[in-house]
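To start, the structure itself, in structure tokens.
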Amino acid sequence: MAADNTSSVTEFILAGLTDDPELQMPLFFLFLGFYVVTVVGNLGLITLIGLNSHLHIPMYFFLLNLSFIDFSYSTTLTPKMLMGFVSKRNIISYAGCMTQFFFFCFFVFSESYILSAMAYDRYVAICKPLLYTVTMSPQVCLLLLLGVYGMGVFGAVAHMGNIMFITFCADNLVNHYMCDILPLLELSCNSSYVNLLVVFIVVTTGIGVPIVTIFISYGFILSSILHITSTEGRSKAFSTCSSHIIVVSLFFGSGAFMYLKPPSILPLDQGKVSSVFYTAVVPMFNPLIYSLRNKDVKIALRRTLGRKIFS
């Protein structure tokens with residue numbers, strides 16, 4: 001029954017970020033710039049880590065995966081968003097909408113959990129340095145990565161399961177620049193508080209569990225740093241964590257602002273701005289933050305560029 005009803009809606013129209021014609025082209029070039037920096041930054045970081053053997057350690061293994069996730073979910077959303085600025089009617093098919101939504105959920109959940117895996121890695125490095133190579137063995141890193149992408153699949157499947165059983169009414173205008181859960185629920189005839197409850201539970205699992213893991217890890221890290229007697233040792237320990245703390249704050253801050261507030265407090269148009277932040281701005285900033293604030297990455301970049309120029 002539900003499948004028949006939902007199939008009657010064969011396409012959606014994406015409202016986009018703004019309907020002001022004067023803003024369309026400036027925003028198009030702004031987000032095109034963001035996307036180019038995101039692609040170059042993340043693929044550059046992946047290449048840099050791959051080419052430099054001294055970066056083949058757990059910290060950079062997770063950073064490589066963070067860059068892959070950032071590149072992938074930016075590519076899932078931004079090209080369609082850019083089309084919205086230059087086309088009269090930004091149409092997306094029902095199948096296209098569901099596909100975009102699935103991969104968006106998968107990569108956002110994966111990002112949440114890769115950030116918590118990175119926090120655990122920093123905890124082991126600072127709190128148990130003598131056991132680091134044993135605790136963060138290649139097998140452990142692969143298991144953690146399996147957990148990261150496993151939670152990505154869980155988040156995507158749970159959200160998709162929630163949306164596959166709702167019926168869409170005649171109105172097919174999605175008040176967003178992408179297919180996201182809340183604007184799609186707004187279009188349904190039969191969504192109830194149960195659907196919203198499922199969204200809240202799934203998002204809490206995707207955001208809440210990693211945040212708790214990160215907070216616990218940094219609680220132990222802070223305690224260890226305060227026990228370091230030398231100022232140089234303290235500043236070195238802080239510097240290895242600072243990039244990660246900035247990235248975590250940007251990503252979870254904007255994500256929580258969007259999803260963990262009742263819709264009455266956060267109108268959807270305001271939610272779009274928050275979405276832009278973690279779908280377009282955060283993936284662009286992550287490689288820049290890690291490149292500009294990380295001595296090892298700077299050294300690797302100089303070596304790689306030096307090799308290219310020399311050859």
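The values are calculated or read from the model by the stated rules, or taken from the named source; none is laboratory data. This structure is a prediction, so every number in the text was calculated from the model and none was measured. No Cβ is skipped: glycine too gets one built from the backbone with ideal geometry, and neighbour counts run over all protein chains shown. Surface accessibility is based on the protein's heavy atoms, side chains included, excluding ligands, DNA and RNA. Shrake-Rupley method; radii C 1.70, N 1.55, O 1.52, S 1.80 Å.
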Worksheet item: Contour minus end-to-end for Leu143 and Ser87, with contour as 0.36 nm per residue of separation and end-to-end as the Cα-Cα distance?
Response: 15.7 nm
Practice prompt. May I ask which of Lys80/Lys298; Lys128/Lys295; Lys272/Lys295; Lys80/Lys295 have a Cα-Cα span longer than 25 Å here?
Written response: Lys80/Lys298; Lys272/Lys295; Lys80/Lys295
Worksheet item: How high is the relative contact order of the chain, in percent, with contacts defined as C-alpha pairs under 8 Å that are six or more residues apart?
Response: 27
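Leaving out ligands and nucleic acids, note down the accessible area per residue over the chain with a 1.4 angstrom probe, in whole Å². Working shown, then result.
Values: 15090 Å² over 311 residues.
Dividing the accessible area of the chain by its residue count gives 49 Å².
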Worksheet entry | CD proxy at 222 nm, helix term only [per DSSP H run n ≥ 4: -39500 (n - 2.57); per residue of the chain; nearest 500] | -25000 deg cm²/dmol
Response to the item:
1/(1 + (r/R0)^6) with r = Cβ-Cβ of Cys189 and Leu43, R0 = 35 Å, i.e. FRET efficiency to nearest 0.05, evaluates to 0.20
Discussion item. Shape verdict for segment 1-125, please, from the Cα gyration tensor: rounded (a/c under 1.5), prolate (a/b greater than b/c) or oblate.
Written reply: oblate
Worksheet item: For the chain, what class follows from the C-alpha gyration tensor (a ≥ b ≥ c being the square roots of its eigenvalues): rounded when a/c is under 1.5, otherwise prolate if a/b is larger than b/c, else oblate?
Response: prolate
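Sorted by mean Cβ packing within 10 Å, highest first, what order do the peptides 23-34, 68-79 take?
Working: 23-34: 15.0, 68-79: 20.8.
With the highest mean Cβ count within 10 Å placed first, the list reads 68-79, 23-34.
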Item to complete: Evaluate the distance, in nm, between pseudo-label points positioned 7 Å from the Cα of Phe215 and of Met25 along their respective Cα→Cβ axes.
Response: 4.9
Fill in: Projected label distance in nm at Ser242 and Leu226, using a 7 Å step from Cα toward the beta-carbon
2.1
Worksheet item: Do any chymotrypsin sites (Phe, Trp or Tyr not before Pro) in segment 148-234 lie in a DSSP loop with no more than 16 other beta carbon atoms within 10 Å, and if so, which?
Response: Phe165
Worksheet, complete the sentence: Taking alpha-carbon centroids only, segment 29-107 lies from segment 127-153 a number of Å equal to 24
Worksheet item: Between Val153 and Thr133, what FRET efficiency follows from the Cβ-Cβ distance if R0 is 35 Å, with the result rounded to 0.05?
Response: 0.70
Worksheet item: Taking a point 7 angstrom from the Cα of His56 along the C-beta vector, which residues in segment 117-149 have backbone N less than 15 Å away?
Response: 138-139
